[in-house]
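For reference, the structure discussed in these notes is given below.
The values are calculated or read from the model by the stated rules, or taken from the named source; none is laboratory data. As the structure is a prediction and not an experimental result, all values here were calculated from the model. FYI the Cβ positions are ideal-geometry reconstructions off the backbone, even for glycines, and counts take in every protein chain you see.
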Amino acid sequence: MLLKISWQTPYAPDVTFLFHKHPDKVQSFDLPFGRAIVFYPALSHDHGEIALLVEIDPIGLTRRSGPQTAPLYPYVNDRPYVASSFLSVAVARVFGSALNGKSRDKPELIEQTFDFTIAVAPVVSNQGATLINSLFEPLGYEVRSEPHLVDEQFPAWGNSNYFSLTLRGRQTLSGMLGHLYVLIPALDEEKHYWVGEEEVEKLLRHGEHWLSTHPSRDLIVSRYLHRIRTLTQQALEQLIESPEPDTAAPEAKQDAGDVRLNQTRLEIVLSILKESGATRVLDLGCGEGRFLRLLLQTAGLQEIVGMDVSHRALELAAEKLQLASHSDAVRKRIQLIHGSLLYRDRRLEGFDAAVLIEVIEHLDPPRLAAMERVVFEFARPKMVVITTPNSEFNVRYPRLGPDRFRHQDHRFEWSRSQFQAWADSVAQRFGYRVTFRPIGPEDPGIGAPSQLAVFTQ
Ligand code: SAH
């Protein structure tokens, strides 16, 4: 099996330091099940390619097979050829420091993202391209999988479960290797070695930054752990990051004026949606569904989708909206989905409008860029409405000092000019026009308590 990684960047040779492999050498590594060979098929100032060829010793493998296989299985199987957990073991052995995000010589490149093209051949998928896409696309990859014929001499037999896989995406090297480390074995499901608790630990380590919010998380965990129920449960328990939903924005807890502010915010956003004539609307980071309730009451909206990363918030939303007791007609109009704004998600495509009400300030600033692409590049609704607190107004909240935010889960709060600079740059980069509006009564000098941007294509 062959893994080939190429990258396109003005200082391509620097990336070879991250791999810790000398560009002029062909190197071979012994593995418990065969050997790995590493070399660079191409390297120029702006383009690099590294190949990892894994050769499996089929005779050695017959001795490793478990006892419960069919008699001929140890001798006739795809194990020597198909990308599997053997490839992950080879990646960890050969590219260990890259996988773990360590570099002695170029530490400044660890966090840097590169435009990678990754070719893996062959991979196996018992659910065709659908499964492959559902694993990689949410992580921001463009996925191409070409099926192999069962037998080239008999094309009428059709396609097999084997594919040549090509992924394209902008990722850090360690992030990308972590995705492969987990997802290649999850695609392949073959049992051929003992799966124990240390596999749970490896899965959690390499999935640390992305697995908990991956839309196919449960499937990945279960397949990676060969559907061993106890291990799967153990992993999921540790993974399920369930950020406590905002039971109420803190303003709402304060006094009647702040309850009004919440209401005003929702009404302004609703009036903007109505004016635009949108009929299919996304509420991203919908929380417990305060805005969804208003949307449901609005005639003319045909499709309403609320998405949140928090399971608990979605449960509360379903309860509060009493979805279970509504008619089929109502239930057809609204859907609650579990997902993250940080990962590309096909379910978000093709909408007239998306709203993010008091959501962006809950994202870590380094992750904003991911959200920007997910919303403005991939989901690409005709209109996007974003609201966020105006930090200049915080002087009016006596309990807030200079370094206290309005809510403990806020990662930042922006002034009007910070918000506008960010929104202008997003609009410019993704081909939208943006206008701004205050939310709540304006105070001279410090503006209104909250602020809003409307992006239109
Ligand atoms: N829009 C709602 C909730 C705002 S609170 C309202 O106005 O009432 C912020 C919400 O964003 C929370 O429900 C939180 O779970 C959600 N959130 C945080 N990070 C997210 C992410 N990466 N993807 C999707 N939702 C996220």
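Number of residues in the stretch 259-289 that are within 13 Å of the ligand (Cβ to nearest atom) and of a type outside the set (Val, Ile, Thr) equals 15.
Scanning the stretch 393-400 turns up no residue that is surrounded by 17 or more Cβ atoms within 10 Å (Cβ to Cβ) and within 19 Å of Val355 (Cβ to Cβ).
Each residue in the stretch 138-170 was checked for being surrounded by fewer than 21 Cβ atoms within 10 Å (Cβ to Cβ), of a type in the set (A, V, I, L, M, F, W, C) and in a strand (DSSP E or B), and 2 pass.
Just wondering, is there one or more residues in the stretch 373-385 that are in contact (Cβ under 8 Å) with a residue 24 or more places away in the chain and on the phi > 0 side of the Ramachandran plot? Yes - at least one qualifying residue is present in the stretch 373-385.
Only residues that are β-branched (Val, Ile, Thr), at pLDDT below 90 and either in a helix (DSSP H, G or I) or touching a Lys or Arg at 6+ places or on another chain (Cβ under 9 Å) (or both) were counted across the stretch 183-227, and they come to 2. Screening Leu301, Leu316 for residues that are over 26 Å from Ala421 (Cβ atoms) and in contact with a strand residue (DSSP E or B) (Cβ under 7 Å, 6 or more places away or on another chain) leaves exactly one candidate, Leu301. Listed by position, the helices (runs of 4 or more DSSP H) inside the stretch 1-101 whose residues that are of a type outside the set (D, E, K, R) and in contact with a Gly (Cβ under 6 Å, 6 or more places away or on another chain) number at least 2 are 12-19. In the stretch 99-123, the residues that are at positive phi form Cβ pairs under 7 Å with partners that are crowded, with 18+ Cβ neighbours inside 10 Å and of a type in the set (S, T, N, Q), at six or more places apart or across chains, as follows: Gly101/Ser174. Being aliphatic (A, V, I, L, M), in a helix (DSSP H, G or I) and within 16 Å of the ligand (Cβ to nearest atom) is a condition met by no residue of the stretch 442-457.
Pairing residues of the stretch 45-56 that are more than 19 Å from Asp115 (Cα to Cα) with residues that are in a strand (DSSP E or B), at Cβ distances under 6 Å and at least 6 apart in sequence or on separate chains, gives Leu53/Leu2; Leu53/Ile37; Val54/Ala36; Glu55/Gly34; Glu55/Arg35; Ile56/Gly34.
Within the stretch 280-301, the set of residues being in a loop (DSSP other than H, G, I, E, B) and charged (D, E, K, R) comprises Glu288 only. Name every residue in the stretch 291-301 that is without any contact (Cβ under 8 Å) to a residue 60 or more places away in the chain and within 11 Å of the ligand (Cβ to nearest atom), in order of residue number. Matches in the stretch 291-301: Leu292, Arg293, Leu294. Within the bounds of the stretch 112-119, is there any residue that is assigned by TED's automatic domain parsing to the domain that holds Ala12, assigned to a loop (DSSP other than H, G, I, E, B) and touching a Leu at 6+ places or on another chain (Cβ under 9 Å)? Yes, the conditions are met somewhere in the stretch 112-119. Do you know which residues across the stretch 359-373 are under 19 Å from Gly287 (Cα atoms) and touching a Gly at 6+ places or on another chain (Cβ under 8 Å)? Val359, His362 - these are the residues of the stretch 359-373 that are under 19 Å from Gly287 (Cα atoms) and touching a Gly at 6+ places or on another chain (Cβ under 8 Å).
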